[in-house]
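Q: Have a look at this one.
What follows is calculated from the coordinates using simple rules that are stated; it is not laboratory data. Being a predicted model, the structure only gives us computed values, none of them experimental. Reconstructed Cβ throughout: ideal geometry from the backbone, glycine too, with neighbour counts over all protein chains shown.
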Amino acid sequence: MSLGETVTLEQLETDPYPVYARLRDDEPVSWVPAVQLWLVTRYDDVRGVDLAPDVFTGATAPSTLNRTMGTNMLGSEGPDQQRVRRITEAPFRPRDVEARMHGMIPKLAHELIDDIADRGEGDLFTAFCDPMSVRSLRFMLGLEEVPWEAILGWNQAMMLGLANSRVIPTSRRRPIARAPSSARRSSGCWIGWKNGPTAPSCRGCSITTRTRIA
């Protein structure tokens, strides 16, 4: 029995890092039946895969990513991937982001760090990383009227679907069920497509409900 055949979903969900370490040492390219995927765990090998798109593909099947979010940049190749990338690449180039943010990111970072300092303690992930990433993204997408905690909740719900290798029906339904109808209307570019053929575009881009983006 190969090492990959001994890997369980429970191990990957609870603490995958010891599994990755064993695979790196003894079986760096391993077929893992529990997730129906090849796992490549050494840096040089991963780099080689990444630089050979003519040999390796990101359009894997089965794909919890595509199953949860629809065909998207991370789970597709060729014309589909290029079409979505053409829409999203320009607005998210560093220079364009800086021009639109007007120093918002460093200002927010200082605000969050000051809050932690004032309290004398804090969880770095929930007190800084969560609000920093979500509030920045909310500003970029023009969704300031949506509470950032709601957007964080949508993301956490979708993560359940992305991690749902067992295809548990309740986990698959939850990403959409967790989003309130008012929020779905205001965020048509990435979740509203579930509720109809039309919805408002994001500020500064041409993404509509017919475009699904991870």
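Q: Separation between the residue 31 and residue 45 pseudo-spin-labels, each 7 Å from Cα along Cα→Cβ, expressed in nm?
A: Reported label-point gap for residue 31 and residue 45 is 1.4 nm.
Q: A follow-up question, please. Between residue 60 and residue 10, what is the label-point separation in nm under the 7 Å Cα-to-beta-carbon projection?
A: 2.3 nm
Q: Another question about this same structure. Using the Karplus curve 6.51 cos²θ - 1.76 cosθ + 1.60 with θ = phi - 60°, what ³J(HN,Hα) values do you get for each residue of the range 14-21, in whole Hz, with x for Gly and Pro?
A: For the range 14-21, the Karplus curve yields 7, 7, x, 5, x, 5, 4, 4 Hz.
Q: I need 132, 159 ordered by Cβ neighbour count within 10 Å, fewest first.
A: Fewest-to-most Cβ neighbours within 10 Å comes out as 159, 132.
Q: Amide H neighbours of residue 37 under 5 Å, at least 5 residues apart or on other chains, H built in the peptide plane: list them.
A: Amide H neighbours of residue 37, under 5 Å, 5+ apart: 32.
Q: Across the range 46-57, in residue order, what do the Karplus-derived ³J(HN,Hα) couplings come to in whole Hz, using 6.51 cos²θ - 1.76 cosθ + 1.60 with θ = phi - 60° and x for Gly and Pro?
A: 4, 4, x, 5, 5, 8, 10, x, 6, 9, 10, 10
Q: Which of 130, 123 has the fewest other C-beta atoms within 10 Å, and how do the rest follow up to the most? Walk me through the numbers before you get to the answer.
A: On the way: 130 18, 123 10.
Neighbour counts put them in this order, fewest first: 123, 130.
Q: Right, here's the next one. Measure out, as a whole number of angstrom, how far apart the alpha-carbon centroids of the range 5-50 and the range 54-122 sit.
A: Spelled out, the Cα-based centre of one part sits 25 Å from the other.
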